[in-house]
1. What ranking, highest mean first, results for peptides 245-255, 125-135 when packing means the other Cβ atoms within 10 Å averaged over each residue?
2. Relative to the present Cα-Cα distance, how much length would full extension add between residue 258 and residue 82 at 0.36 nm per residue of separation?
3. With a 10 Å Cβ neighbour count serving as the proxy for reagent exposure, in which order, fewest first, do 28, 151, 209 appear?
4. What distance in nm lies between label points placed 7 Å from Cα along the C-beta direction at residue 270 and residue 25?
5. Within the range 131-148, find all residues whose amide N lies under 15 Å from a label point positioned 7 Å from the Cα of residue 115 along Cα-to-beta-carbon.
6. Cut-off is 10 Å between beta-carbons; in what order do 147, 65, 121 appear when sorted fewest neighbours first?
7. Which residues in the range 244-272 place their backbone N less than 12 Å from a point set 7 Å from the Cα of residue 127 along the Cα-to-Cβ direction?
């Protein structure tokens, strides 16, 4: 009888150790619709069809990214799998800077046990560490399922607040396209971008999660479902998991980032709003005109 008790205790210890050591790595590919950008750039008479095609290819490349999510049962690190660009290509550097204003770059740490969230952000050479509580998401379960790879996934939807520090969340105002068509070339040059767009307060997202990987994690800010989120989409961007490795041989270090000036999400949104406005007033993009300054 004692032998059975000892065996049972040893088995419990083994299961406990396995649970504590559990880790995974998920790779996500992003795709973003360029329709709004195409409509606006088509109104600029200075852009030739050849330039338009080149810009679209560059922007498409900027938004078709690969992200890596390293996770255990309570925490995760999510970051872009960055590819090296030519140091002599000023356009690539400019697009990289624009990408940082559109939610890219830096490590994104989530801890579902402590409800802590930390994000590294680099804006025009200034490093920030955005520290806040994980946003609560009120998921609505939908009676639909599908396969993503070998995993059976289930559908959930939610209405979430829009990240106002991310330029990708701007939308053309109603009638903006027709108004731009009426403008002369000189009027278009003087048009304030911020007057032509608006940012909604919320957006609807659709997620697909698999209970076969029982962690409450996902890409970006998304979490809170009874299984790993393998796909998430809003009206512009889709993040789709292309690969999952469970319990990799080399264990990942999942620790909260520490680099950058610590600010809250609200403070960072205010900083970004002011910088976007300043950029527009300068009449240029990330690579042109005067240099942007950060006070403090």
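Just so it is clear, none of the values below were taken in a lab; they were calculated from the coordinates. Treat the numbers as computed from the prediction; the structure is a model and nothing was measured. Because the Cβ atoms are built from the backbone with ideal geometry, glycine has one as well, and the counts that use them run over all protein chains shown.
1. Most protected by this proxy first, the peptides run 125-135, 245-255.
2. Roughly 61.4 nm would be gained on extension.
3. Listed from fewest to most nearby Cβ atoms, that is 151, 28, 209.
4. Simple spin-label model gives 4.0 nm for this pair.
5. Only 132-139 fall inside the zone, counting backbone N under 15 Å.
6. 147, 65, 121
7. Inside the label zone: 257-262.
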